[in-house]
Amino acid sequence: MLETTPAGSVLTLIFSLTPKGAEESDRIIEHTFAYFNTIKKNGVDKALIQTMKSLNQVMFDYQDRSGSDSGFVTSLAGSLPKVQFRDVLTGGVLIDTVNVSMTQKLMEAIHPQNMNVALVTNNLVEGPEQKHEKYYDFNYTEEALPAAQLLRWASAESPELWVPPRPQYVPQRLELIEEDKPQIRPKKIQDTSSLQLWWLGLGGFQIPKAQVQIKVKHPRSVLASPARAVLSAMHARLVNLVLEEPSDAFQMCGISYSVASASDGLSVSFSGFNEHLAQLQQLVLPKLREPQVKSSDFEMIRRQMMLELQDVTSQQPYQHALEALELVSVTQTHSRKAMLQAVQDVWAVSLTEHQAMLDEILAAPQLLVLVSGNLAPSDATAFATEALQILSVPRHSGLFGPVAGLWDRFYSFLFGGATRAGKDGARPLVLKIEKDLEVRVPNPISKDTNSATITSYQFGVPSLADRLRFSLISGIIDRPVFQILRTEHQLGYVVFGFATAHVDILEVRILVQGFRETPDVVATLIDQTVKNLTQSFHQMSPKEFEVRKDSLRRDLKKPAANLGEFAGHFWSQIWDETYCFDKMDKELKLLDNITLPSLAKVWEETTQSLETRKKMTVKLFGSNPSSGEVAIPVQKDNASALVTDLEHLDFDEAPRWPHRYVCE
C-alpha cells in the first residue's frame, strides 16, 4: 500500500503471520528486502514502465463507475491536497512521463534505514521495559533495530527471486459486440441436463469488459457434516493459494477471478477485460477441480482455519448472538465448537478426504452460468461449454492409478463417512416458532463485559407486496429504535432495528449490544419499544407515508451503476433457480396499492398479536466486571421455551417454514 502526501510517500507492507512467522519475523523482512534488492540489481526497466503507462491508460479509460457517488466525490476531495487541480482525476493513476531517474530514486529509498517495523503478537514477554497505551489498553515495547540486522537486510539476496515480468495481458482488442437493443433481462441460450446458460449482453455499459458467473451445483448432503463444511471452506483458500502466483499476470491487467463455497454449490466468477477472460478460465478451473496442493500447504490452511475458529475475539458479541440465532433456527447449521472439533481431526480433514469431497461434487458437473458484458452469445456458449468440459475431466489418478482411487474410497469410508448426515437434496429450513423461544448463552469472549440481545419476530414466506411492506417498515423503525434504546436508555453503541430476509422468510429484528444493562432488562425495553412503535404507524400522516413510498420507488428504479451491479440483480435468482426476473416491474405496480393501514396491520400481526406473533429472543450474557466470570440468571419467564445448550438442540421434529419463493 502506497500513500502519497505533500510531505512525501510511505510504502506500507502488511503480513498476516502464523505463530512460526511471528517467531521468525526477521526472516520475512530479510526475504522482502532480498526481493527489492533483486529489482535494484537489475536496474529500472524503461520498457516495463512504458507498458505500465499504456496499461494504466486503458484501465483508466474503461474503469467501472463507482457504486457510490458520494464515495467517489470523497475520494476526489481527498486528492486535492496531494496533487495539482488539473491532476485530481488522474493523479496516482496515470503515468504522464516515463521518468527512469525518479523511479530509480524511489527504489533506492526502499532501504532498511528508512523503515519502521510493528509486530503485533499475543506473546509479548512482560518486563520492566514495557509501556502501556491507556486509551486502547494494551502493552508494548519500543526499541531500535540492531545495526547488524539493518546491514544484513540491506545486503539480503535470494536466488529464488526474480524481477517482475512485463504485463502479458494488456488489452488490445477493445471493440464492442453489436446488439440490436440492450438486454434488460437474462436470455436463456442453452438448457441441458448439465448446463443452463443465460446471456445478458452489455446491458447499456459500453465498455470492453465481461463478467461470467458460474455455479457448480452439488447435493447439500455432500457438505452435511462439520468436517465437510470445513473442507469446503478450505477448498476456496487452497485454490487461491495455488493460483496466487500464476494468476497475478492476469490480475495486474484488470482481469480477475473469485472462488467461494456454498452449501449447494461452488461459486466461480471471472470479470474484467474480455479479451483474455477465456485464458484465465483455462488456468483457474483445472485447479478448482484438482488444486494439487502440497501436504504442507494443506496443513497451513487447516491451521489457519483452526486459529480463526479458536479466536472468538474476531467477532463482536452481537455477531456471536446472531450465530446462536442461526444455529437454533436453521437446519444444516454447524456450531463454531463443532467446526473447531472437525478441523482438529486430521483424519476427517485431510488431503484424501478433501479429494473425496471434490470427486463427489464433480462426479457429474451441473453448471448454472450467467454471461454479461462484452461477449456475444456464441462466445458465451463457447466459454460455458469449455467450463463444463474442463470440470468434467476425470482427476489425475497419480502414480498408483486405480489403486489410489480404491484407497481413497476405503479411507473416506473409514474416516469420513461416519461424520456425514442429512438428507440428499434437503434445503436449510427455518424453525417455525409456535411458542415464544428464548436462548440464554454466555458471551464466549473471556472477560468481555458486553452483552448482546436480539429479538426476532417471524413473518413467514412473503409475497412481493409483503417484501415491499417490510422494506417500508425497516425504514420507519430504524431511527426510532436507535433514538429510544441508544440515545434515551443509553444501552450501548450497537443498536439496530430492521426487517431482513432469513432463508425463505422475512423477520423484524431489534439488536442491542452493551454493558449497562443485562439482557433480561434490555429485552423488556425492546418489547416496550416495539409496542410503542405501533403508534408510529397509526399516527403517520398520509403525506409522510407517500414520501416514504416515493423514496422506495426511486430506489427500485435506480439504474445499476456498473456491469457487476446489473448482473447481480439476476444472478442470485439464477443461483436459487427462482427466475423472478421481472421482480422490479411487478413491485413498482404493487407499490401503488400498498396502504398505510395494511402496513400497520402486518406490523401488529408480526410483533404484537399473541395469536400470530412468532418471537425468538437471543440473550448473550457478558462477564461480571469484578470477577470476570459469566453468571446467567435463572429464566423468570416460564411462558417461553428455553434453550441454554447450543451443542445439543432438540428441534428435529419441530415444524419448519416451507422452502418457497413467491414472485407475485
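Points worth noting:
- Rounded to the nearest 5, the antiparallel percentage of DSSP beta bridges internal to the chain is 80%.
- Charged-residue dipole, Cβ positions (Lys, Arg, Asp, Glu), the range 322-385 about Cα centre, Debye nearest 20: 140 debye
- Heavy-atom accessible area per residue - the range 1-101, 1.4 Å, Å²: 69 Å²
- Of A249, L238, N274, farthest towards positive along the dipole that unit charges on Lys, Arg, Asp, Glu beta carbons give the range 210-289: L238
- Peptides 63-74, 554-565 ranked from most to least packed by the mean count of surrounding Cβ atoms within 10 Å: 554-565, 63-74.
- Fully extending the segment from D297 to K41, taken as 0.36 nm per residue of separation minus the present Cα-Cα distance, adds 89.0 nm.
- The label-point distance for S536 and S551, in a model that sets each label 7 Å from Cα toward Cβ, rounds to 1.1 nm.
- Placing unit charges on the Cβ atoms only, positive for Lys and Arg and negative for Asp and Glu, gives the range 1-158 a dipole magnitude near 580 debye about its Cα centre.
- Listed peptides 599-606, 364-371 by packing density, highest first (mean Cβ within 10 Å): 364-371, 599-606
- For the range 269-366, the solvent-accessible area of protein heavy atoms averages 41 Å² per residue (probe radius 1.4 Å; ligands and nucleic acids excluded).
- Extension gain (nm, one decimal) between D311 and R86, 0.36 nm per residue minus Cα-Cα: 76.2 nm
- The range 526-552 residues near the modelled D436 label - backbone nitrogen below 17 Å, point 7 Å along Cα→Cβ: 526-534
- Solvent-accessible area, 1.4 Å probe, carbon plus sulfur percent, for the chain: 53 percent
- J(HN,Hα) series, the range 622-635, from Karplus relation 6.51 cos²θ - 1.76 cosθ + 1.60, nearest Hz, glycine and proline x: x, 7, 6, x, 7, 8, x, 9, 9, 10, 9, x, 5, 5
- Mean accessible surface per residue for the range 170-215, computed with a 1.4 Å probe while every protein chain stays in place, in Å²: 54 Å²
- Judged by the ratio a/c of the largest to the smallest principal axis of the C-alpha gyration tensor, the range 135-227 counts as prolate, that ratio being 1.5 or greater while a/b is larger than b/c.
- Potential extension, K134-V117 segment - 0.36 nm per residue separation minus Cα distance: 4.0 nm
- Cα-centre dipole for the chain with unit charges at Cβ (Lys and Arg positive, Asp and Glu negative), debye to 20: 1000 debye
- Where a label projected 7 Å from the Cα of T192 along Cα→Cβ would reach, residues of the range 374-390 with amide N under 14 Å: 381-390
- The chain - mean residue ellipticity at 222 nm from DSSP helices (-39,500 (n - 2.57) per run, n ≥ 4, rounded to 500): -13000 deg cm²/dmol
- Shape call, the range 156-305: gyration tensor on alpha carbons, a/c limit 1.5: oblate
- Globularity ratio of the chain, using Cα Rg and 2.2 N^0.38 Å: 1.09
- Burial ranking of peptide ranges 291-299, 613-621, 326-334 (average Cβ count within 10 Å, highest at the top): 613-621, 326-334, 291-299
- By the Cβ distance rule of under 4.7 Å, the chain has these cysteines without a partner: C253.
- Chymotrypsin sites (Phe, Trp or Tyr not before Pro) within the range 1-39: DSSP coil, no more than 14 neighbouring Cβ in 10 Å: F15
- Efficiency of FRET from Cβ geometry, A382 and L642, R₀ 56 Å, rounded to 0.05: 0.45
- Spin-label zone in the range 146-189 - amide nitrogen under 16 Å from a point set 7 Å from the Cα of D26 along the C-beta vector: 146-157
The values are calculated or read from the model by the stated rules, or taken from the named source; none is laboratory data. Keep in mind it's a predicted model, so treat the numbers as computed, not measured. Glycine gets a Cβ as well: all are built from the backbone with ideal geometry, and neighbour counts include every protein chain shown. Only protein heavy atoms, including side chains, enter the accessible area calculation; ligands, DNA and RNA are left aside. Shrake-Rupley method; radii C 1.70, N 1.55, O 1.52, S 1.80 Å.
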